[in-house]
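Student: First the structure, then my questions, so here it is.
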Amino acid sequence: MTASPVRTAPAPPVLSESTGVPAVRDRWRTPAAAVVATVAAYLLFRGSATLPHDDEAAPFRLLGDLREWVDANRNASPVFLFLVNYVRLFAGAVNDGLALLLRELGWAGTAGLATGIGWLAGGPRTAATALAGFCAFGVLGVWPQSADTLALVLASVLLSLLLGLPLGVWAGRSVRLRRLLDPVLDVMQIMPTFAYLAPMVLFFQIGPAAAVVATTIYAIAPAIRITALAVERVSPSAVEASASLGATRWQTLRTVHLPLARPTIALAVGQTVMMALSMVVIAALIAAPGLGAGIVTGLSRADVGLMLPSGVALVVMAVVLDRIVTASARSAVPARSTLVGAAALTLCGVAASGLLGNGFPPGWTLHLAGPVNEAVTWAKFSWYGVTDAVRNLTTEALLNPLQEVLTGSPWWLVAGVALAVAWRGAGPRNAVVAVCCLLATAPLGLWQHTMETLTTVLVGTALALAAGFTLGVASALSPRFSAALRPLLDAAQTMPSFVYLLPALALFGASRFTAVLAGVVYALPPVARLVQDGIGAVSPSAVEAARSCGSTEWQVLWKVRLPLARGAILLAANQGVVMTLAMVVVGGLVGGGGLGYDVVSGFAQRADFGMGLAAGVATVLVGIALDRITRGAAGRPARKVSRRFPGKTGKKRIA
Amino acid sequence: MVPSGGAAIEVRGLWKIFGPGADRVPHSSLARLPPALLRERTGCVAAVRDVTLSVRPGEVFVVMGLSGSGKSTLVRCLTRLVEPSAGEITIAGQDVRAATPAQLRQLRRHRVSMVFQHFGLLPHRGVLDNIAYGLEIQGVPRARRRRRAEELLSLVGLDGFADARPDTLSGGMRQRVGLARALACEPEVLLFDEPFSALDPLIRRDMQAEVTRLHREVGTTMVFVTHDLSEALRLGERIAIMRDGGIVQLGTPEELVGTPADGHVAAFVRDVPRGEVLSLRWICRRPRDGERLDGPALASGTVIRDAVPTAMGTALPIVVVENGRAVGVVDRLDLLSAMSGLPTTGAGRA
């Protein structure tokens, strides 16, 4: 009995020493060598094989010709005659019908209707929110635009839900359909809003109909995905019990799946509304009417006073819609008295509309443009020292050097480094896909602009992650801080992306930094929230065990909470990258440059359409590449950790 | 076509295999591989392997085994909630495997009901509507199904809880609702899938008593799956012990405790208080030469523990009587060694 430990004990320490110490050195040797080789290659080959940008590149001309062909054959090709044109007509008709309804109801009538719906959904508080919101539209002097936006949103949401909910229910019950849809939805969700627009123009021309189609497609992803998730997560024991009693598939769907999934499906509706709202605004670029038009004009002229009323109205609309949808998710079937109250409110509104006329009384409107612009000018001048320093520091210290390296390196070096980094972080498959996507931008003629966009995205993501991570950790550790932060994050997450450009533009003028800043602010809330939730979800027993060993709070954080929250933190990084990309591309409107600018000028000038479309495709490719790398890392649970720890644990066991 | 004298459930050569290409396993040589090897060769897991059993009408038949032994899969195969890979199933003369989807629904609606470990109640409905759910599925009009549900509510002792939501009830009460729902459609066969393993021990005792009472009153055939041996012994007229998907031993509680088929079963029943399970029939022996046979007489079905007072009152051997005929004797020493699990001197299980 005593012989065996004596015999085996000396052997393992030798083993661990011989493999353990060099293993640590090995771990650093390869990356260090790679870094040295990369730097050397950069210095040697700088300036060669850089694929500079050319506005007249062949792919652009080809895509331009495609548009010419489509325009020429719009009324001849059967695909257009029997499908595309009908879709366009139908989407347009739904939107026109709703717009007409809102116009006929007038401001007071619509406000009454919304207040009634608010009353039905969530009682007096929600009703009051709705009423205040509609008053705000009027007071800001943007009621007609708000009505147009509302009609677009309602039309798109209606179509999205009509298609998305049944598809989601089906996907929730059929694994095969789910597998088919998942990759499509993945791409749809990382596709920046901008990228949807160019193909829409190609097929559906410009105007509200194209905007409705684009928004419907954009907003359908969460409708399908969340509904499928809700149906899939319905307690299997309830489903089985239903089957054991001899229910048909339809009976089980009606009596078990749908009622149990209802709260989550309401969440899907809410998401769809929010996505639709942010898309409808951007659709102003393809001549959709409404609040977005004011914002786009304001952005292109850097006129904050012009776009502020629209921006504020947009935020108000987001809040009102969000409140109504969330409240209706919680409420049960309304009582008769509630129904009567809601009907009375609506009738009051319609009656008032008869008295006031269709519009909002002009005398009650506030004219903000002048004072706002004065305030903005004042802020710009008096804070110039600070804002200018911040902007220049970021631009000179981060953006410019990185951009110089990325655009100045040969394409093969950039691709090689990307491949190496992705391979190490996300595994070979994701790395190959990501690098292929990145390289595919070269034949599109957009390598240089892709590198410029990548620069802003990388800088923006780094800043957003640093800030979001700090906020997330802080609020996970301090309940009081979390309570203070939560309403801010909630509000920030309901805001349409465009709105973030406003304050950034007001303070920093049109520049690349403005786009980065807007991206950081846009990506910050979800990153902070994911980090906080991830750390909060760490098993309390693990934390307790660490404390019982005498760990300090810092040790608990570094050795227990953060490693266990690794998945959530990497997911936060993924979200941060995707959202920053979306915003940075939108930043093309305010001097962001890169692909975003190409997309915008593609809408503005017919001659640049080809470049715009190609740039849209390139943003999607960049999005897929970044998503693959970050999500791939999240999907590989602690492989590196397990490779690192055997030596250590082995040593401990022997000691 | 009732093959075996009107058995309520007849299962022959039943297989359920999970994994790629599952259907080819039962009829090939792969079927004889031990589980680990089968998994290595094909990536398949045999959850139920070659099970044959027959349940008599009105019987309480218990399927017992550790988790992963395939007992829950077996019971689900009976009404094809899990589709079997091979074999025959007959319930009250109906060939279940050949049934069309519509016939299968009729079977589930009217003849076989199931009670689940996690209850499977619908959280958005009140208790009464949960009980009436099976009738609703059948298309019974609302007034009638609610009336029937109210009857069952008092049968399971939940009067006054008609409108309560399931999540406001305790575990025991929830399972009463599950039981009432299963009983509502007056099934011929009740299947129980570990119905009480999520409950506290005391509540579990109550519920077991409830099942015994219902069985006495309603007389339904029951198939009861459990991993709890004491529950199996308390309820089961016959018990099938499963391991790795197959039945290791099938018999009365006494047979399992008295003559375990292998080490696995023996390990299971080792801690069973033998005095409460084994009867005198099991331990009695031929009288030795010169032993007196004028001691007190007890019926052969008497459990050992119940024979203790008699043995305490006399020093003479007890005469064991079956059908009015003496079949053997037991003395104090026999009783003590039987209760302690040592080999009995008689070892006579003629």
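Student: Rolling a 1.4 angstrom probe over the protein heavy atoms, how many square angstrom per residue are accessible across chain B?
Tutor: With the other protein chains kept in place, chain B gives 46 Å² per residue.
Student: Per residue of chain A, what 222 nm ellipticity follows from adding -39500 (n - 2.57) for every DSSP H run with n ≥ 4, rounded to the nearest 500?
Tutor: Dividing the helical sum by the residues of chain A leaves -27000 deg cm²/dmol.
Student: Now for a different question. How big is the charge dipole of segment A:77-362 about its Cα centre, in debye rounded to the nearest 20, if each Lys and Arg gets +1 on its Cβ and each Asp and Glu gets -1 on its Cβ?
Tutor: Here segment A:77-362 has a charge dipole of around 700 debye.
Student: Still on this structure, I have one more. Go through segment A:547-554 residue by residue and turn each phi into a ³J(HN,Hα) via Karplus (6.51, -1.76, 1.60, θ = phi - 60°); whole Hz please, and just put x for glycine and proline.
Tutor: Each residue of segment A:547-554 in turn: 5, 5, 7, x, 6, 7, 4, 5 Hz.
Student: If you don't mind, there's one more thing I want to ask. Heavy-atom accessible surface, probe 1.4 Å, ligands and DNA/RNA ignored: which residues of segment A:225-239 lose at least 40 Å² versus the isolated chain?
Tutor: Those residues are A:Ser237.
Student: Need one number: nm distance between label points at A:Asn373 and B:Arg56, each 7 Å from Cα along Cα→Cβ, rounded to one decimal.
Tutor: It is 9.9 nm.
Student: What accessible area per residue, rounded to a whole number of Å², is obtained for segment A:363-466 using a probe radius of 1.4 Å?
Tutor: 51 Å²
Student: List the GluC sites (Glu not before Pro) within segment A:23-113 that fall in a DSSP loop (any state other than H, G, I, E or B) and whose Cβ has at most 13 other Cβ atoms within 10 Å.
Tutor: Loop-located and lightly packed - A:Glu56.
Student: OK, next. How would A:Thr193, B:Thr168, B:Thr302 line up by accessible area, probe 1.4 Å, largest first?
Tutor: Putting A:Thr193, B:Thr168, B:Thr302 in descending order of accessible area: B:Thr168, B:Thr302, A:Thr193.
Student: Continuing with this model, one more query. Which parts of segment B:122-153, residue by residue, lose 30 Å² or more of accessible area when the rest of the protein chains are there, as against the chain isolated (1.4 Å probe)?
Tutor: B:Leu122, B:His124, B:Tyr133, B:Ile137
Student: Could you check what % of the DSSP bridge pairs in the protein assembly as shown are antiparallel, to the nearest 5?
Tutor: 55 percent
Student: Say the dipole of chain A comes from +1 at the beta carbon of Lys and Arg and -1 at that of Asp and Glu; which of A:Val35, A:Ala58, A:Val139 then lies farthest toward its positive end?
Tutor: A:Val35
Student: With +1 assigned to the C-beta of every Lys and Arg and -1 to the C-beta of every Asp and Glu, and no other charges, what is the dipole magnitude of segment A:458-607 about the Cα centre in debye, to the nearest 20?
Tutor: Using only the charged Cβ atoms, the result is roughly 100 debye.
Student: To make sure I understand the rule: partners must be aspartates and glutamates, Cα under 14 Å from the Cα of A:Lys559, and not fewer than 8 residues away in the same chain. Which ones qualify?
Tutor: A:Glu544
Student: At 0.36 nm per residue, minus the direct Cα-Cα distance, what do B:Ala315 and B:Arg147 gain on full extension? Give it in nm, one decimal, please.
Tutor: 54.3 nm
Student: Quick one: which residues, 5+ away or cross-chain, put their amide H under 5 Å from the amide H of B:Phe192? H built at 1.01 Å from N.
Tutor: Amide H to amide H, under 5 Å and 5 or more residues apart or across chains, B:Phe192 pairs with B:Val115, B:Val223, B:Phe224, B:Val225.
Student: Okay, moving on. Mind giving me the nanometre distance, one decimal, between the label points for A:Glu104 and B:Arg24, set 7 Å out from Cα along Cα→Cβ?
Tutor: 6.7 nm
Student: Taking a probe of 1.4 Å, how large is the accessible area per residue of segment A:151-275, in Å²?
Tutor: On a per-residue basis, segment A:151-275 sits at 38 Å².
Student: On a full-extension model of 0.36 nm per residue, what is the gain between A:Val184 and A:Ser300, subtracting their alpha-carbon distance, rounded to one decimal in nm?
Tutor: Extra length available between A:Val184 and A:Ser300 comes to 38.4 nm.
Student: Below 8 Å between Cα atoms, with a sequence gap of 6+, how large is the relative contact order for chain A in percent?
Tutor: 21 percent
Student: Would you jot down the residues in segment B:99-119 that end up with at least 30 Å² less accessible area in the complete protein assembly than in the chain alone, with a 1.4 Å probe?
Tutor: Residues losing area: B:Arg105, B:Arg108, B:Arg109, B:Phe116.
Student: Just to confirm the filter: which chymotrypsin sites (Phe, Trp or Tyr not before Pro) across segment A:553-624 are DSSP coil and have at most 13 other Cβ within 10 angstrom of their Cβ?
Tutor: For chymotrypsin sites (Phe, Trp or Tyr not before Pro) across segment A:553-624 that sit outside H, G, I, E and B with at most 13 neighbouring Cβ atoms in 10 Å, the list is empty.
Student: For the protein assembly as shown, give the magnitude of the charge dipole about the Cα centre (Cβ charges: +1 Lys/Arg, -1 Asp/Glu; no others), in debye to the nearest 20.
Tutor: 1860 debye
Student: How far apart, in nm, are the 7 Å Cα→Cβ label points at B:Val303 and B:Glu322?
Tutor: So the two model labels end up 2.0 nm from each other.
Student: Among A:Ala127, A:Ser310, A:Phe80, whose Cα sits farthest toward the positive end of the charge dipole of segment A:77-362 (+1 at Cβ of Lys/Arg, -1 at Cβ of Asp/Glu, about the Cα centre)?
Tutor: A:Ala127
Student: Mind listing the phi-derived Karplus ³J(HN,Hα) values for segment A:602-611, rounded to whole Hz, using 6.51, -1.76 and 1.60 with θ = phi - 60°, and x for any glycine or proline?
Tutor: Using θ = phi - 60°, the values come out as x, 6, 6, 10, 4, 5, 8, 4, x, 5 Hz.
Student: What list of ³J(HN,Hα) couplings, whole Hz, do you get for segment B:129-138 from phi and the Karplus terms 6.51, -1.76, 1.60, once you set θ to phi - 60° and write x for glycine and proline?
Tutor: Once θ is set to phi - 60°, the couplings for segment B:129-138 become 5, 5, 5, 7, 4, x, 5, 4, 4, 6 Hz.
Student: So which chymotrypsin sites (Phe, Trp or Tyr not before Pro) in segment A:327-385 pass both tests, a DSSP loop state and at most 16 other Cβ atoms within 10 Å of the Cβ?
Tutor: A:Trp383
Student: Sequence-distant or interchain residues sharing an amide H contact under 5 Å with B:Val248, placed H: which?
Tutor: Answer set, sorted by chain and number: B:Ile241, B:Met242, B:Arg243.
Student: If R₀ is 60 angstrom, what is the calculated FRET efficiency for the pair A:Val35 and A:Trp383, using the beta carbon separation as r and rounding to 0.05?
Tutor: The value I calculate is 0.90.
Student: So, with a 1.4 angstrom probe, what is the percent of accessible area on segment B:148-241 that is carbon and sulfur?
Tutor: Carbon and sulfur: 47 percent of the exposed surface of segment B:148-241.
Student: Please find the FRET efficiency linking A:Ala132 to A:Ala93, where r is the Cβ-Cβ separation and R0 is fixed at 25 Å, and quote it to the nearest 0.05.
Tutor: 0.15
Student: Show me you know the interface measure: the accessible area buried between B and A, both chains summed, probe 1.4 Å, in Å² to the nearest 100.
Tutor: Adding both sides of the contact gives about 1600 Å².
Student: Something else about it: Along the Cα-to-C-beta direction of A:Gln605, a point sits 7 Å from the Cα; which residues of segment A:47-62 have their amide N less than 11 Å from that point?
Tutor: A:55-56
Student: Of all accessible surface on segment A:76-153 at a 1.4 Å probe, what whole percent is carbon and sulfur?
Tutor: C and S fraction of accessible area: 75 percent.
Student: Which aspartates and glutamates, if any, have their Cα less than 19 Å from the Cα of A:Lys380, not counting same-chain residues under 8 positions apart?
Tutor: Qualifying aspartates and glutamates at Cα under 19 Å: A:Asp303, A:Asp388.
The values are calculated or read from the model by the stated rules, or taken from the named source; none is laboratory data. It should be emphasised that the depicted structure is a prediction, and the values quoted were computed from it without experimental measurement. Ideal geometry is used to build each Cβ from the backbone, glycine not excepted, and the neighbour counts take in all protein chains shown. The area values use the complete protein model at the heavy-atom level, side chains included, leaving out ligands, DNA and RNA. Shrake-Rupley method; radii C 1.70, N 1.55, O 1.52, S 1.80 Å.
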